[in-house]
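Bear in mind these aren't lab numbers, they're just calculated from the coordinates by the rules spelled out. Since the model is a prediction, treat every value here as computed from it, not as a measurement. FYI the Cβ positions are ideal-geometry reconstructions off the backbone, even for glycines, and counts take in every protein chain you see.
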Amino acid sequence: MKFSNHIIAAALLSTALSATPLLAADFSAGSKGNGEAPRGDVTGEEFSLREATPLLPKLEKGEASRAAPVTDEDTVIKSLTAVGRSADGKDLVVEPSDALKEAVKKMLKAPAGGGASKTSAPRKAGDPFVKGEASRKVFGDDDRVEVDDTTRYPYSAIGYLESRDTNGQYESCSATLIGPSTVLTAAHCLYNHNTEAWQQQMKFVPGLHGWTNEDVPFGSYEYDQAYVVQAYIDNYQGFYGSVLGWDLGIVTLKEPLGNKLGWLGYANYQDLGEFTANIVGYPGDKPSGTMWATTCDVSPEDIGDGWFQYDCDTYPGSSGSAVYSYDDSNDERVILGVNVAESDDANTAVRINAVYLDWINSINK
């Protein structure tokens, strides 16, 4: 493969943590309602698009190799403390759970790569809801397809994430509901290393389909709390590659929106092998506020213990998009990672391994 996996290996948490859960797959189930339409009335605040900077960090060649991995057990556990900021400005801390501590201990004792063959994954399939002519940082021809009906599950559970930095600049990312009140995204969408501060005025806009008020089918929703991994803040060394492996974020909302719109499940597969990745979000090179989907195959050699790479087409604004696999045997969509960065060779996702599964579970509402 053309991907330069060794470039990012040293920067990722997973260089010290090799996933070895007891089961082949640790799974948090999704809730898709009836799979066709939201349950009950869904009416949030009115929303109008602002001029926002779409986010997706560029991983420069060789920069990640300058970041030293973390290997000490106590340091790793401390680095996985969930730190956050509430909408009313309060600092938040969620200490690592006992389950998370045990997952870290198991991982540190495991051989690199987890000692398992890469065979386990949801059934390989592209999401059947992605229809249209395959019209693809973008590799080769652009193969992204616009989602026409964003009110249909799973697209109702995917949204536009807007925030404002402390300099007053609005920025945009993508995000996905993973529980009644919980949204999964990238850490760099929530905490800004340039300003050394949390983003403000975060809003989640599910199913956004354009730039007018008529294109906001469910309204917008204010955040309640935002969380990242402690190491994402503490381990920053002046360049993105130093925190790439910690680039995972969670937003909790003030109301259980997922009970009406549904949410996607997420999983850790110990021996994750080849699968078809599906990525849906809001790339900034497309018309404002429009949702786009893409699929591509992920090869075993491009899957690490806490990351994977692919040539699915992304663009700034796609930051935070869930990377999910579709199991056509039971019509289930399972998030395996979060799209976080682009490079000249490939785009990169932080993988949900055993540790991150427990980290997410400790916050998910």
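Between SER329 and GLU214, the FRET efficiency from the beta-carbon distance, with R0 = 30 Å, is close to 0.20.
Amide H contacts for LEU336 (H built 1.01 Å from N in the peptide plane; partners 5 or more residues away or on another chain; cut-off under 5 Å): VAL323, TYR324, SER325. Taking a ≥ b ≥ c as the square roots of the eigenvalues of the Cα gyration tensor, the stretch 275-365 is rounded, since a/c falls below 1.5. Divided by 2.2 N^0.38 Å, where N counts the residues, the Cα radius of gyration of the stretch 182-317 comes to 1.16. Under a 5 Å amide H cut-off, with hydrogens placed 1.01 Å from N, GLY219 pairs with GLY44 among residues at least 5 apart or on other chains.
Listed values for the stretch 84-101 are Karplus-derived 3J(HN,Hα) couplings in whole Hz (6.51 cos²θ - 1.76 cosθ + 1.60, θ = phi - 60°), namely x, 9, 8, 4, 8, x, 8, 6, 10, 9, 10, 5, x, 6, 4, 4, 5, 4, and x replaces Gly and Pro. Scanning residues 5 or more positions from TYR191 or on other chains, those with amide H under 5 Å from its amide H are GLN199, with H placed 1.01 Å from N in the peptide plane.
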